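Each remark here refers to the structure printed beneath this line.
The values are calculated or read from the model by the stated rules, or taken from the named source; none is laboratory data. Small disclaimer: the values here were computed from a predicted structure and weren't measured. With ideal geometry, Cβ positions are generated from the backbone for all residues, glycine too; neighbour counts draw on all protein chains shown. Heavy atoms of the whole protein, side chains included, go into the accessibility calculation; ligands, DNA and RNA do not. Shrake-Rupley method; radii C 1.70, N 1.55, O 1.52, S 1.80 Å.
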Amino acid sequence: MIEKAIFITNIKNFRYLAPKYSRIYFGHEFCEKLIPTAYELKKVITYCGKNKLGFSLVTPYVTNLGLGNLEKLFFWLQDNMIKCEVVINDYGVLDLISEKYPNLLPVMGRLLTKQKRDPRILRLIKSEPGKRKFYKMNNQHFIVLSKKAPDALVSYFKEANINIPIIRSFLNRYRARRAEIDNLLQGIKLKIPKRDLSVSLYVPYGYIATTRLCSANPFRHPRSFSCRISSCQKECKKYSLKLRSKHIPQVIYKKGNTLFYRNQSVPPQKELLKLGIDRVVYQPEIPI
């Protein structure tokens, strides 16, 4: 059976909960400025306890300041003898949990699984053989004939680093028995023995790229804008952008410091299980 989880980034999003979900993901992957407070964490934990739901705390890549804020949450979880998953997107956080918090079960986040997420890949691998394109550069004309993408290249674009045994061995040393991946537009190819690692699939939003520089603030403060993360005023919680290009077959969603694509085409349950995917994480909103 496929476990169904829901990913919420705000306690106001409890409205999305439904009986089909047996687990709540709560937190943020892309910015340490959005790490939940202890009050928010306690509220979600209490809700999960009352409704017999599993709980996974989602964490971002961090600086020392962010690491300190996360450790306050980890300490509270340990002090209250709460065992739960922690989705890791920073190797420093993985090391911290491994050393000091045996009650927390680390999960390799999707920022560390290193899939090939560029939406242009879909167009590349589906290019029609023999199709002509004409270019002009420096007063010279060029004709480019497209070829069918080699099978090895198509396979490469569908894989993730968790296919590599040494990566799974590394995760095993740190008690990480699960990894998170995106629902790639070009499809997914996993080669993971079930005993090694369980896998979760995020739908419908996949991330493309993220950065510590954030351009959300100029929506309200154009004159004093600085894209440094230190100038954060959490404008990302209010605004998002849709970006379009003739070179990209998908709409790109920009929210805060991260770019996303949307893919609602989910493989059937039988195929997911064959790939080693035993959990689907539904994101009702862009996860920022």
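Annotations for the structure displayed:
- Highest average packing first - 142-152, 248-258, 14-24, 68-78, Cβ atoms within 10 Å: 248-258, 68-78, 14-24, 142-152
- Accessible carbon and sulfur surface of the range 129-187 relative to its total accessible area, %, 1.4 Å: 58 percent
- For the listed residue pairs K83/K189; K116/K242; K20/K246, the alpha carbons are over 29 angstrom apart in K83/K189; K20/K246.
- (1) 59, 50, 32; (2) 70, 54, 36; (3) 49, 45, 43, with the label sought being that of the calculated Cα extents along the principal axes in Å: (2)
- Vicinal HN-Hα couplings computed from phi for the range 254-267 (Karplus, 6.51 cos²θ - 1.76 cosθ + 1.60; Hz; Gly/Pro x): 10, 9, x, 9, 9, 9, 10, 10, 10, 9, 8, 7, 9, x
- Where a label projected 7 Å from the Cα of R173 along Cα→Cβ would reach, residues of the range 87-106 with amide N under 15 Å: 91-92, 94-96, 98-99
- Positive dipole terminus of the chain, leading residue within I97, I8, V144 (C-beta point charges): V144
- Rounded to 10°, Cα long-axis angle of helix 64-79 versus longest principal axis of the chain: 50 degrees
- Accessible surface area normalised per residue over the chain is 54 Å², counting heavy atoms of protein chains with a 1.4 Å rolling probe.
- In plain terms, the chain from E71 to D95 could stretch by 7.4 nm, reckoned as 0.36 nm per residue minus the Cα-Cα distance.
- Förster radius 41 Å - calculated FRET efficiency between I166 and M1 (Cβ-Cβ, nearest 0.05): 0.85
- By the rule of a C-alpha distance below 18 Å, with chain neighbours fewer than 8 residues away ignored, the lysines paired with K147 are K126, K131, K133.
- For q = 0.23 Å⁻¹, Debye-computed log10 I/I(0) when each Cα of the range 97-146 counts as one equal scatterer: -0.92
- Check: the chain dipole with +1 on Lys, Arg Cβ and -1 on Asp, Glu Cβ, in debye: 1080 debye
- The eigenvalues of the Cα gyration tensor, multiplied by 5 and square-rooted, give the range 61-146 an equivalent ellipsoid with semi-axes of 51, 15, 8 Å from largest to smallest.
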